[in-house]
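This report refers to the structure that appears directly beneath it.
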Amino acid sequence: MIPLKILIIEDETITAMDLRETLQEAGHLVTAIARTYQDAVKAVKSNPPDLALIDIHLEGSAVNGIETAKRLLDIHPMPIMYLTANSEPATFNAAKETLPVAYLLKPFRHDELKLQVELAYHYFQSTLSITTNIPVSSYLYLPVDNGHEKIDPNDVLYVEADGSYVQIYLRTKKTYYISMNLGHLAQYFPTPNFYRLSRSLLINLNYLERLESTYLYLVNHETAISIPAPSRKELMNKLRIVRTKKAPSR
């Protein structure tokens with residue numbers, strides 16, 4: 001098997017070291033060991049891995065491993081493997097929303113981990129191969145009533161999560177309300193103009209009409225959209241902002 005670049009997200013130092021040693025014995029490269037959500041995001045952006053091994057309970061992190069996985073998949077599509085001591089149905093069902101390739105319980109067995117990593121990556125690559133061999137239309141077909149209705153992704157102003165539903169707003173002011181997770185739907189809007197402003201908002205930057213310190217406005221949409229503080233800098237970097245220069249002091 002080709003050596004993989006693997007990110008470990010684990011808050012227990014001893015477990016993290018054990019995982020790294022096991023993966024390195026199998027010939028893989030551990031890109032980083034992240035203890036929190038923030039560390040994981042930095043690690044993925046600086047050195048995108050082939051696979052992420054994530055503990056669900058992250059002590060001291062702003063969010064748990066499942067929410068961390070959702071954010072990482074927005075940044076970089078890759079197979080996700082969970083390693084956790086939690087076998088409760090509610091946790092397992094929440095983890096399924098991220099479509100993980102494996103859900104392993106602690107304490108892990110070293111040989112099993114090596115096999116699961118190889119199987120997981122092989123399965124992920126096979127699904128990509130199948131997907132790329134299917135002719136793809138530039139339109140999206142949304143599940144509406146008992147069928148599917150065509151929309152042009154370029155007509156979408158933004159998509160907003162509402163519990164287990166998402167609401168899709170078009171520039172024509174037409175909206176769709178469908179039962180789906182935003183993290184799953186976001187994969188159908190991969191072009192650079194779509195930006196995940198927050199966990200609940202995906203916006204089309206082509207329709208960004210006005211930007212203020214804490215709000216933005218979209219074309220044909222009167223309601224202001226709040227800009228989360230952590231997202232502002234990244235959003236600004238995606239836009240061609242004309243910046244004024246300070247006058248030289250006299």
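Taking the Cα centre as origin and putting +1 on Lys and Arg beta-carbons and -1 on Asp and Glu beta-carbons, what dipole magnitude results for the chain, to the nearest 20 debye?
For the chain, the charge dipole is close to 1460 debye.
Which angle from 0 to 90°, rounded to the nearest 10, does the C-alpha axis of helix 37-46 make with the longest principal axis of the chain?
80 degrees
Tell me what the chain gives for mean residue ellipticity at 222 nm when only DSSP H runs of n ≥ 4 count, each as -39,500 (n - 2.57), the sum divided by the residue total, rounded to 500 deg cm²/dmol.
-9500 deg cm²/dmol
Taking Cα pairs under 8 Å and at least six residues apart, what relative contact order does the chain come out at, in percent?
After rounding, I find 11 percent.
Using a basic spin-label model with each label point 7 Å from the Cα along Cα→Cβ, how many nm lie between Lys5 and Tyr215?
Computed distance between label sites Lys5 and Tyr215 equals 4.2 nm.
Work out how much length Arg199 to Glu222 would gain on full extension: take 0.36 nm times their residue separation and subtract the Cα-Cα distance, in nm to one decimal.
Working it through step by step, the gained length comes to 6.1 nm.
Separation between the Ser179 and Glu21 pseudo-spin-labels, each 7 Å from Cα along Cα→Cβ, expressed in nm?
A separation of 4.8 nm, rounded to one decimal place.
Output the peptides 115-121, 191-197 sorted from most to least packed, where packing is the average of other Cβ atoms within 10 Å over each peptide's residues.
115-121, 191-197
Packing-wise, with mean Cβ within 10 Å as the measure, how do 53-59, 87-93 rank, highest first?
Ranking, from highest mean packing down: 53-59, 87-93.
At 10 °C and a viscosity of 1.306 mPa s, what translational diffusion coefficient does Stokes-Einstein give for the chain, taking Rh as the Kirkwood radius over Cα pairs? Give it in µm²/s as a whole number.
After rounding, the answer is 79 µm²/s.
With a point put 7 Å past each Cα toward its Cβ, work out how far Asp152 is from Lys106 in nm, to one decimal.
5.2 nm
Quick query: amide H of Leu197 versus all other amide H atoms, modeled in the peptide plane; which residues come in under 5 Å with a sequence gap of 5 or more or a different chain?
When sequence neighbours closer than 5 places are left aside, the close amide H contacts are Leu202, Ile203.
Based on alpha-carbon centroids, what's the gap between the range 1-39 and the range 189-238 in Å, whole number please?
34 Å
With θ taken as phi - 60° and the coefficients 6.51, -1.76 and 1.60, list the Karplus ³J(HN,Hα) couplings across the range 224-236 in order, rounded to whole Hz; mark glycine and proline as x.
6, 10, 6, 9, x, 3, x, 8, 4, 4, 5, 4, 4
Tell me, what ³J(HN,Hα) does each residue in the range 15-25 have, in order and in whole Hz, if you take phi through Karplus 6.51 cos²θ - 1.76 cosθ + 1.60 with θ = phi - 60° and put x for Gly and Pro?
Going residue by residue, I get 5, 4, 5, 5, 4, 4, 4, 5, 5, 5, 4 Hz, with x marking Gly and Pro.
Mind checking which aspartates and glutamates have their C-alpha under 20 Å from Lys150, skipping anything on the same chain fewer than 8 residues away?
Within the straight-line cut-off, Lys150 pairs with Glu160.
For the range 160-172, in order, what is each residue's ³J(HN,Hα) by Karplus, 6.51 cos²θ - 1.76 cosθ + 1.60 with θ = phi - 60°, in whole Hz (x at glycine and Pro)?
Coupling constants for the range 160-172: 10, 6, 9, x, 8, 10, 10, 10, 9, 9, 9, 5, 7 Hz.
Which of rounded, prolate or oblate describes the range 132-205 when judged by the alpha-carbon gyration tensor and an a/c cut-off of 1.5?
rounded
Bear in mind that the values in this text are calculations on the coordinates, not laboratory data. Computed from a predicted model, the values in this text were never measured in an experiment. Virtual Cβ from ideal backbone geometry, glycine too; neighbours counted across all protein chains shown.
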